[in-house]
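Please read the structure below before turning to the comments.
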Amino acid sequence: MQTKLLRVLQDKEVCMLGATRTRKVDVRILSATNKDLPSLVKKGLFRDDFFFRLNVVSISVPPLRERGNDILLLIRHFAARFALELGRPTPEFSDKALEVLRNYYWPGNVRELENVVQRLVVMTEGPCIEVTDLPSLMRFSALRGSGLMRPLAEVEAEHIRNVLAAVDGNKTRAAEVLGIDRKTLRDKLKGGA
């Protein structure tokens, strides 16, 4: 497919399916990817000539987690939109809930944020969304200490307590989340976690 698209970009011609003659076209290509194309070119998985043909003007959009207050603007936008769709008043977010949402890693970027806000608008009964309304994995950041200059054992013990709190004390589930077996979790809990 890369070869065919490259030919279209170079020759500015296409041959329609079933046609016998090519037709001239005047097009601009706008493309987006979350892949590292230069590394794919080096690995031979993406044609270098096609990459250079496409790469006329590059705009890098940082992931949501690096966009600071954009997260807050998007939260308010999505909350208002979903509340309108449901015929409800737009919920408020507590400062602490906003802080947790702003500090979350957002591996799914804007789509994940949109889905979380939709869930919160649908599932929350009251006029204000609190930290306790957030998905359990997001609540970890609300419980996290801010100091970096702490012993590793203290940070580990705090993290284990936070995971246990998020899974309502279920040690089997906590061990799964932590990536350890139950015996290791039990030993760590005896050690002061």
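Since every read-out is calculated from the coordinates, none of them should be taken as a lab result. No experiment lies behind these values; they were computed from the predicted model shown. Here the Cβ is made from the backbone with ideal geometry for all residues, glycine too, and neighbour counts use every protein chain on show.
Put in order of Cβ neighbour count within 10 Å, fewest first, the listed residues 72, 17 become 17, 72. With contacts taken as Cα pairs under 8 Å at a separation of at least 6 residues, the chain carries a relative contact order of 13 percent. Computed from the Kirkwood radius of its Cα pairs, the Stokes-Einstein diffusion coefficient for the stretch 2-54 at 4 °C and 1.567 mPa s stands at 104 µm²/s. Shown here: Cα Rg over 2.2 N^0.38 Å, derived from the displayed model; of the candidates (i) 0.99; (ii) 1.51; (iii) 1.10, it corresponds to (ii).
Among complete DSSP H helices in the chain, those whose alpha-carbon atoms stretch at least 15 Å along the helix's long axis and whose mean Kyte-Doolittle hydropathy reaches -0.5 are 70-86, 109-123, 152-166.
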